[in-house]
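Since the structure comes first, as structure tokens, the remarks are kept for the end.
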Amino acid sequence: MAELATEPEAPLITRLRVPKTAELVADHLRRQIVRGELHEGEALPSEVTLTERYGVSRPTLREAFRVLEAEQLITVRRGARGGAIVHEPSASMVARYAGFVLEHAGSTLADICEARVQIEGPCAAQAARRRTPDDIARLRAAVSQCELVGHDHQRLVVQSSDFHAMVVEIAGNKTVMLLHSMVRAIIDMAKFRRFAETIESSARRKAFSHGGSAHSLLVDHIEAGDADAAESLWHRHLSASNRLLLELPGSHDPIDLFD
């Protein structure tokens, strides 16, 4: 039988998109910001200086500014005394967009609370292994601060959340810190919007009193270097806290960050 004729394979051609000049300018400035060559609050040189430096027109430079402003890496002030002010990359910047992705995926508050347990539990154990005297002093101060603002729900949410973040920070993994910041931002938002309105003040005081006791005991375990006890306590505390939060209506519905 005669072999079937086959057509020669077409050469594989990779089409590369040539970046626009504005993208190249934005990339250079972005690299300087990310690498710490430009610092938080620092003003970029004037438009005249930058157009001469990069050999571009003002419209091209302004397009580059719009890209960086959309990424929250600069703020552009308009007017005679205007200019571009640098912002260092922040966890809150990432958390905002991560929240949009989670909402689009249909994630629920219950799902996010479970993620917090999985992140913070092992971090409590690691904090017990890595703690320093300065870390313990900071944690004790954070516990005291929570006690001082116990009557103020809004401030207590912030102070308590700061304590949780401090435990993760002491654990020492920067990638985990970033992941935790995303989870933290969404849970704090849920508490601000619904916790105070839904739970009676007596029940809320009881919940926060239990939280304060758990915070203090966790610091004891971390100071003693007892990683197992720290992780076990923190897992139980977070699970109990989640149960209280998830009793609120809508907790098992997809999150709504635009509510």
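Where a number appears in this text, it was derived from the coordinates with a stated rule and is not lab data. This structure is a prediction, so every number in the text was calculated from the model and none was measured. All Cβ positions, glycine included, derive from the backbone under ideal geometry; neighbour counts span all protein chains shown.
Per-structure values
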{"quantity": "Length-normalised contact order for segment 21-86 - Cα pairs under 8 Å, 6+ apart - percent", "calculated": "42"}
{"quantity": "Cα-based helix-to-principal-axis angle, 227-246 vs the chain, degrees rounded to 10", "calculated": "80"}
{"quantity": "Diffusion constant of the chain at 25 °C, which comes from Stokes-Einstein with the Kirkwood Cα-pair radius and 0.890 mPa s, µm²/s", "calculated": "112"}
{"quantity": "Contact order relative to length of the chain, as percent, for alpha carbon pairs under 8 angstrom and 6 or more apart", "calculated": "23"}
{"quantity": "Projected label distance in nm at residue 240 and residue 40, using a 7 Å step from Cα toward the beta-carbon", "calculated": "3.5"}
{"quantity": "Virtual paramagnetic centre 7 Å along Cα→Cβ of residue 23, amide N under 17 Å, in segment 48-88", "calculated": "60-71"}
{"quantity": "Rounded to 10°, Cα long-axis angle of helix 91-104 versus longest principal axis of the chain", "calculated": "90"}
{"quantity": "Contour minus Cα-Cα distance for residue 257 and residue 88 (0.36 nm per residue)", "calculated": "58.4 nm"}
{"quantity": "q = 0.11, 0.26 Å⁻¹, segment 21-86: log10 I(q)/I(0) [Debye, one scatterer per Cα]", "calculated": "-0.21, -1.30"}
{"quantity": "Inter-label distance, nm, simple model (7 Å from Cα along the C-beta direction), residue 49/residue 175", "calculated": "3.8"}
{"quantity": "Degrees between helix 174-190 axis and first principal axis of the chain (Cα, 0 to 90, nearest 10)", "calculated": "70"}
{"quantity": "Residue-span extension gain [residue 62 to residue 77] - 0.36 nm each, minus C-alpha spacing", "calculated": "4.2 nm"}
